[in-house]
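The structure appears below as structure tokens.
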Amino acid sequence: MKITDASLTLFAWESIPSTIYGHDTARPTGKSDLGLLRIATDEGIEGHAFLGTSSNPASLDGPGLYRYEEASRVGRAIEEMGFYWYEDDPLAEQDIYNYVKLKQKLHIPILATEYPIGGLDSYIPWITERATDFLRGDVAVKGGITTILKAAHLAEAFRMNFEVHHGGNSLNNFANLNVIMAIRNTELFEVLLPDSMQKYGLAEEIAVDPEGFVHAPTEPGLGAAIDFELIERKKIGVLS
């Protein structure tokens, strides 16, 4: 008996009450989603399981069910469409074995290592196993400016680019931009759309000009002007 089909049906979980299990685990009232996982076999047996929790939606874990066969089919499709690279998430974060197979089968470059979260040593198996064409990271999840500078230099030693992932908030993106300006083996500054989802708390944000460029800040430090007045107006508490 073998599994012949699998599907995940996401369904909304609304009006979740605020829950506190400890002083640092408050969960606000809100929404999440669960997933109904259905598995079918060649002998007609069908099984079900739930995926997700009130604080960890199934929509976050669902991509981890992606298998090599699906990743390969999607890779061939975007290869034919002329995409520049095949980015993280076609497979589970640490599935190096299948990333190697995927890279060998496709012509489009593979861009992995955005996740898992880790430091400099997390890149080693990806290089030694030849599981990716680029290295990837950002200041928020890879240990800050120092670590991704080291990772960029590591990539350069192997004639690889280090493509910087978005930082998730305005100040992190300024830090990322400073790293990009300090290395030569990178090409792009990533902007998620709509870009307002990661712009808040600064008096002046990084802006893409009509030609698609962002420009170096000219002020000291990271070059960012924090909007202290906004922060004071919106303050909900101070932890110390």
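Laboratory data are not the source of any read-out in this text; all were calculated from the coordinates shown. As the structure is a prediction and not an experimental result, all values here were calculated from the model. For neighbour counting, all protein chains shown are included, and Cβ atoms are generated from backbone atoms with ideal geometry for every residue, glycine included.
Summary table
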{"item": "Inter-probe distance in nm under a simple model that places probes 7 Å from Cα toward Cβ, at E156 and E211", "result": "2.5"}
{"item": "DSSP loop GluC sites (Glu not before Pro) with at most 11 other Cβ within 10 Å: longest gap in the chain", "result": "44-186"}
{"item": "q = 0.14, 0.15, 0.17 Å⁻¹, segment 118-240: log10 I(q)/I(0) [Debye, one scatterer per Cα]", "result": "-0.66, -0.74, -0.90"}
{"item": "About the Cα centre, charge dipole magnitude for segment 65-125 (Lys/Arg +1, Asp/Glu -1 at Cβ), debye", "result": "300"}
{"item": "Order of T9, T113 - criterion: other Cβ atoms within 10 Å of each residue's Cβ, fewest first", "result": "T9, T113"}
{"item": "Nitroxide proxy distance, nm - points 7 Å out along Cα→Cβ at M197 and I117", "result": "1.9"}
{"item": "Pairs from K31/K234; K31/K101; K31/K235; K199/K234; K103/K199 whose Cα-Cα separation, in the structure shown, is over 27 Å", "result": "K31/K101; K103/K199"}
{"item": "Relative contact order of the chain, pairs being alpha-carbon contacts under 8 Å that are 6 or more residues apart, as %", "result": "10"}
{"item": "Antiparallel DSSP beta bridges within the chain, as percent of all bridges there, nearest 5", "result": "75"}
{"item": "Least to most buried among M1, M197 (fewest other Cβ within 10 Å first)", "result": "M1, M197"}
{"item": "Pairwise label distance in nanometres, D61 with L239, each label 7 Å out on the Cα-Cβ vector", "result": "2.5"}
{"item": "Excluding exposed DSSP-loop trypsin sites (Lys or Arg not before Pro) (at most 11 other C-beta within 10 Å), longest clean stretch of the chain", "result": "3-158"}
{"item": "Cα gyration tensor shape for the chain, rounded if a/c is under 1.5, else prolate or oblate", "result": "oblate"}
{"item": "Taking H153, H107 and counting other C-beta atoms within 10 Å, the order from fewest to most", "result": "H107, H153"}
{"item": "Chymotrypsin sites (Phe, Trp or Tyr not before Pro) within segment 194-240, DSSP loop, no more than 15 other Cβ atoms inside 10 Å", "result": "Y200, F213"}
{"item": "Relative contact order (%) - criterion: Cα under 8 Å, at least six apart; region: segment 117-240", "result": "19"}
{"item": "Cα shape, segment 37-77, gyration tensor, a/c 1.5 rule", "result": "oblate"}
